[in-house]
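The values are calculated or read from the model by the stated rules, or taken from the named source; none is laboratory data. The structure presented is a predicted model; accordingly, all values stated were derived computationally and were not measured. Ideal geometry is used to build each Cβ from the backbone, glycine not excepted, and the neighbour counts take in all protein chains shown.
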Amino acid sequence: MSTQFNRPTIVVGAQWGDEGKGKLVDLLAKDFDIVGRFNGGNNAGHTIIYRGEQCKLHTIPSGVFQRKKLVITQGAVFDPEVLLTEIEFLQKHRIPLDLLIDYRVHLVMPYHKLMDGASEARKGKRAAGSVKVGIGFCYEDRNNRAGIRVEDLLYPMILKEKIAALFPLKKAILEKVYGVRVTFSETELYERLIFFSKILKKYIGDASTILRKNVGKKKILFEGAMATMLDSSFGTYPYTVANNTLVSSLFISAGIRPCPLHVLGVIKAYTTRVGHGPFPTEQQNEQGKTLQQYGREVAATSGRIRRCGWLDLPIIRYAHSLNRFSALAITKLDVLSVFDTIPVCVSYQVGKKVISEFPAITHDYARCVPIYIYMKGWKKDISKVRTFKELPAEAKAYVRFIQHSLSVPLKFISVGAERNATIIL
Ligand code: GDP
């Protein structure tokens, strides 16, 4: 793919995440020089099968198993504790790590995690469905200029001053507003960060400048964490993440100039989402349970069961109109092999109106009743199929229907979790 396009490639999810982007990045990375992570934190998780073992990455870009140069850019945030666990995992498996973390990346602090848990508990039924790892609060501090950045790890005195200014306020908010006891002291927090700085020092640098110098010269692959419908502005707000996830956010998040991109839109063959929020095609019935069971729909980060339903084409069209896909990957097609009939939502009924676009108002989306067409199932195991020709006619019709409704070339069909369980068109 990269040989066709001398421009950065970006992999973006068309739904609410968990489309199987990690597997695709792992597959694609072999043709690239640099693989970058530019958004989200360890609220995102990619599952990759490496030598038969399931590996969950929350921070390190999925290109690591192809031993590529990896960058984490300023739009992302990370929890040093989680990064350390991933580094240890790689060391244990003797997988070399060539990682560069931008100076400007923000750190998730222990108080962010406490605030996340406490605030979700307070919101009760109106909780955003956060995985409580502190990402939203980290972004809040970043935007309010009260964050700790990776650069601070290199300057202990500045780090100390910053913590001295921030910690008493965070502690007071946690204890006096949320009623949560803070069990660590300011000194302990500082010392833990100094401990991390010693390990992470060698990975820190100006990733943004390096990327800018290499756009158009080296083959760069960016993996989008989360997905379109979780975008903090254009997704199903407030049931979203705290940062932008759209392709257009790449430029500011990676610190590169706007330039033509190759955009691989990843569409799961049905729909899932974790946590709260409207989901018109959700199947709270046996069919939903079957999708959950065959698709092993358990979130990589939280271990929560994903809500499951049929494909929702209006959101896919919306994702395409926001991101302008250059090519498509349809994943988890194998999961649909058990159904006689596969409904696909093509438009919505809202009161007396029929609409085929995702509505701009989240409350309207909650009122949408799906209008389905019914595709014939193929009822055959397709997990060993490796060429388009070998697919049953009904499976071909299903993927072609998705492709034709967007008029975008279909490049990958994923029929299993392993790297090679992929049909390349
Ligand atoms: P990501 O966040 O988009 O990278 O997706 P996740 O890794 O969180 O979730 C996707 C899950 O589906 C993982 O457990 C993958 O191993 C698995 N997976 C990916 N592609 C396929 C596929 O085509 N078929 C099946 N059955 N599983 C897949």
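Being in contact with a helix residue (DSSP H, G or I) (Cβ under 7 Å, 6 or more places away or on another chain) and surrounded by fewer than 24 Cβ atoms within 10 Å (Cβ to Cβ) holds for only one residue in Leu100, Leu57, and it is Leu100.
Here Gln66 does not qualify as away from the ligand (no atom under 14 Å from the Cβ), within 17 Å of the chain's Cα centre (by Cα) and outside the structural domain of Asp141 (by TED's automatic domain parsing). Every test in (1) within 19 Å of Gly22 (Cα to Cα); (2) more than 15 Å from the chain's Cα centre (by Cα); (3) not acidic (Asp, Glu) is passed by Lys132 save one, and that test is (1).
Just one of the listed residues (Val12, Val77, Val71) is within 13 Å of the ligand (Cβ to nearest atom), part of a strand (DSSP E or B), touching a strand residue (DSSP E or B) at 6+ places or on another chain (Cβ under 9 Å) and under 20 Å from Val247 (Cα atoms), namely Val12.
Give the stretch 389-411 a look and list any residue that's hydroxyl-bearing (Ser, Thr, Tyr) and in contact with a helix residue (DSSP H, G or I) (Cβ under 8 Å, 6 or more places away or on another chain), or say none. Of everything in the stretch 389-411, those that are hydroxyl-bearing (Ser, Thr, Tyr) and in contact with a helix residue (DSSP H, G or I) (Cβ under 8 Å, 6 or more places away or on another chain) turn out to be Tyr398, Ser405.
For the stretch 15-47, filtered to residues that are crowded, with 24+ Cβ neighbours inside 10 Å, more than 8 Å from the chain's Cα centre (by Cα) and part of a strand (DSSP E or B), the residue that is nearest to the ligand (Cβ to nearest atom) is Arg37. If you go through the stretch 159-185 and keep only what is closer than 18 Å to Ser119 by Cα, hydrophobic (A, V, I, L, M, F, W, C) and assigned to a loop (DSSP other than H, G, I, E, B), you end up with Val180, Val182. When we screen Asp79, Asp116 for residues that are in the same structural domain as Ile199 (by TED's automatic domain parsing), among the charged types (D, E, K, R) and modelled with pLDDT of 90 or more, the only hit is Asp116. With a requirement of 1 or more residues that are surrounded by fewer than 24 Cβ atoms within 10 Å (Cβ to Cβ) and of a type in the set (S, T, N, Q), none of the strands (runs of 3 or more DSSP E) lying completely within the stretch 219-312 satisfies it. A residue that is assigned by TED's automatic domain parsing to the domain that holds Thr341, among the hydroxyl-bearing types (Ser, Thr, Tyr), modelled with pLDDT of 95 or more and surrounded by fewer than 15 Cβ atoms within 10 Å (Cβ to Cβ) occurs nowhere in the stretch 412-425. Could you list, in sequence order, the residues of the stretch 203-237 that are within 16 Å of the ligand (Cβ to nearest atom) and among the hydroxyl-bearing types (Ser, Thr, Tyr)? Of everything in the stretch 203-237, just one residue is within 16 Å of the ligand (Cβ to nearest atom) and among the hydroxyl-bearing types (Ser, Thr, Tyr), namely Thr228. If you check Leu211 against the conditions, is it under 21 Å from Gln66 (Cα atoms), assigned to a strand (DSSP E or B) and at pLDDT 95 or above? Against the criterion (under 21 Å from Gln66 (Cα atoms), assigned to a strand (DSSP E or B) and at pLDDT 95 or above), Leu211 does not qualify.
Results for (1) within 15 Å of the ligand (Cβ to nearest atom); (2) hydrophobic (A, V, I, L, M, F, W, C); (3) outside the structural domain of Gly13 (by TED's automatic domain parsing); (4) within 22 Å of Ile423 (Cα to Cα), shown as yes or no for each residue.
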position: Gln284; (1), (2), (3), (4): no, no, no, no
position: Leu291; (1), (2), (3), (4): yes, yes, no, yes
position: Tyr294; (1), (2), (3), (4): yes, no, no, yes
position: Ala299; (1), (2), (3), (4): yes, yes, no, no
position: Ile330; (1), (2), (3), (4): yes, yes, no, yes
position: Leu333; (1), (2), (3), (4): yes, yes, no, yes
position: Asp340; (1), (2), (3), (4): no, no, no, no
position: Cys368; (1), (2), (3), (4): no, yes, no, no
position: Gly377; (1), (2), (3), (4): no, no, no, yes
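Restrict the check to the stretch 86-98 and report whether at least one residue is modelled with pLDDT under 95, more than 13 Å from the chain's Cα centre (by Cα) and within 16 Å of the ligand (Cβ to nearest atom). Yes, the stretch 86-98 contains a residue that is modelled with pLDDT under 95, more than 13 Å from the chain's Cα centre (by Cα) and within 16 Å of the ligand (Cβ to nearest atom). From Lys198, Lys202, Lys160, Lys176, grab the single residue that is basic (Lys, Arg) and under 26 Å from Arg122 (Cα atoms). Every option except Lys176 fails the conditions.
Of all residues in the stretch 394-425, those being touching a residue at least 40 places away in the same chain (Cβ under 8 Å) and within 15 Å of the ligand (Cβ to nearest atom) number 16.
Yes/no matrix, rows are residues, columns are (1) among the β-branched types (Val, Ile, Thr); (2) in the same structural domain as Thr362 (by TED's automatic domain parsing):
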residue: Val180; (1), (2): yes, no
residue: Leu189; (1), (2): no, no
residue: Lys217; (1), (2): no, yes
residue: Ala227; (1), (2): no, yes
residue: Leu230; (1), (2): no, yes
residue: Tyr237; (1), (2): no, yes
residue: Ala254; (1), (2): no, yes
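Among the residues making up the stretch 348-393, a single one is under 30 Å from the mean Cα position of the chain (by Cα), surrounded by 11 or more Cβ atoms within 10 Å (Cβ to Cβ), without any contact (Cβ under 8 Å) to a residue 24 or more places away in the chain and part of a helix (DSSP H, G or I): Asp364.
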